[in-house]
Structure formats: C-alpha cells, structure tokens
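Down below is the structure, laid out as structure tokens.
The values are calculated or read from the model by the stated rules, or taken from the named source; none is laboratory data. In this text, all values refer to a predicted model and were calculated from it rather than measured experimentally. Glycine also receives a Cβ, built like all others from the backbone with ideal geometry; neighbour counts cover every protein chain displayed. In case anyone asks, the SASA skips ligands and DNA or RNA and just uses the protein heavy atoms, side chains included. Shrake-Rupley method; radii C 1.70, N 1.55, O 1.52, S 1.80 Å.
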Amino acid sequence: MRLFVAIELPDDVKDQLMALQTEISGAVWVKRPALHLTLRFLGDRIDPIRLTPIKLALESVHADAFTLALGGVGRFPSSTRRPARVIWAGLDTQPALMTLHSAIERALAEAAFLPDDRTFSPHITRARLKDDDNAAQIAHFFDQHHNFYSEPFKTSAFHLFSSVLTPQGPQYRDEEIFRLN
C-alpha cells in the first residue's frame, strides 16, 4: 500500500489553488481532488497488515483544532541555480500545525516508523516540472502570484490516505479520519 497522513483542504481553498494554474512548459499541475497538505508520507510499499497498527497509533494523537491560511508560492529546489522541479503554495505556519506534526511523528514511531529525516516544510504541491527550459515562465508565475493568500480555514481533522498511481494521476482513498479536539 502507498500511505500518507494529510490535512484535507476545504473546497474554496482548492478553488483558490486551482486559480494559480497557468501555462508553464513541462508543468504537470496537481488536479483539484489531489490537493492536500501532507503531514507525513509513510511509503509506497507498506504491507497491508500494518494498516491496523498505523490507525491505532494515529488514534492516540490528541491535538486541538486550529486555523490555517495559505500564503505565498515557492519552488523546490529553492535555489535558482538548479531547475525547479516543484511549484508549491506555502502556509502561514502555525505553532498548532507543528505540534500536530510532532504528535503524529511520535505516534508513528510507536508503530515502528523511523522519524522522517527531512525537516517538515508545510506546503501544497501545485505542479511538478518536467522541463528545464522554463525559467522565464516560472519567474513570471512568481511575479504574478507572490502575494497569494487564502482566507483562514479551520482544521478539525487529519486523514490517513492510501493512493494508487495511475496514468491519469493518483487515486486517493480515505482510510481513516482522525478528529482534533
């Protein structure tokens, strides 16, 4: 199984993210149903027998609901000396989001998942880039959207998703919803 933990985005926020889509050569834009905030990617070869222990571990996460807002756009890698591979929308980072992420990491450690070795960098992936000859288009995108901001939205749950990669894009299945206090 391919599994990840994420926050589902409200429809109006997804609408705002879709409005960022523009013509950039080699860009594969993330489709509306696939827009989410990944809290932790668990892997693409998870034995289905581990699903129940993962769910039990995530049920132990206790955190309060909080408000988030999207703010700004960026790219990975961040250095302009290398071609961009991902365009993303950022978040106004809230301490509550970082607290939730830490609680999820601790719970997953109990389910025998090693801590993620990358620093958590909250973002919503908008596009993956396959072309190296698009620097001018990307610069124009950032000029146009550097002030991107969404209205704040309430985060009252996180989800465990499974996904199957298809030629039409990933197909997600909600395995479990975990409510916040």
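Collect the residues in region 149-175 that are over 30 Å from Ser60 (Cβ atoms), outside any loop (DSSP other than H, G, I, E, B) and open to solvent by 90 Å² or more (accessible area, probe 1.4 Å), keeping them in residue-number order.
Tyr149
So which of Asp64, Asp47 ends up being touching a residue at least 40 places away in the same chain (Cβ under 8 Å) and out of contact with any helix residue (DSSP H, G or I) (no Cβ under 9 Å at 6 or more places or on another chain)?
Checking each option against the conditions leaves just Asp47.
Using the structure shown, decide if Arg106 is basic (Lys, Arg), in contact with a His (Cβ under 9 Å, 6 or more places away or on another chain) and either in a helix (DSSP H, G or I) or buried (at least 19 other Cβ atoms within 10 Å of the Cβ) (or both).
no
Of all residues being within 14 Å of the chain's Cα centre (by Cα) and surrounded by 18 or more Cβ atoms within 10 Å (Cβ to Cβ) in region 76-99, which is farthest from Pro53 (Cα to Cα)? Just the residue, please.
Checking each candidate, the answer is Ile87.
For region 95-105, name all the residues that are within 18 Å of Arg179 (Cβ to Cβ) and not hydrophobic (A, V, I, L, M, F, W, C).
Hits for region 95-105 are Thr99, His101.
Would you please list the contacts, defined by Cβ atoms under 6 Å and residues six or more apart or on different chains, that run from a residue in region 165-178 that is under 11 Å from Arg2 (Cα atoms) to a residue that is surrounded by 10 or more Cβ atoms within 10 Å (Cβ to Cβ) and of a type outside the set (A, V, I, L, M, F, W, C)?
Cβ pairs passing all conditions: Pro170/Ser163; Tyr172/Ser163; Arg173/Ser162.
List pairs: first residue in region 22-38 and among the aromatic types (Phe, Trp, Tyr), second residue surrounded by 14 or more Cβ atoms within 10 Å (Cβ to Cβ) anywhere in the structure, Cβ distance under 8 angstrom, at least six positions apart or on different chains.
Filtered contacts from region 22-38: Trp29/Gln21; Trp29/Arg126; Trp29/Ala127.
Which residue out of Leu42, Leu51, Leu114, Leu56 is buried (at least 17 other Cβ atoms within 10 Å of the Cβ) and out of contact with any His (no Cβ under 6 Å at 6 or more places or on another chain)?
Sole residue among the options that is buried (at least 17 other Cβ atoms within 10 Å of the Cβ) and out of contact with any His (no Cβ under 6 Å at 6 or more places or on another chain): Leu42.
Pull up region 8-29, narrow it to residues that are open to solvent by less than 50 Å² (accessible area, probe 1.4 Å) and within 17 Å of Leu91 (Cα to Cα), then point me to the one that is nearest to the chain's Cα centre (by Cα).
Leu9
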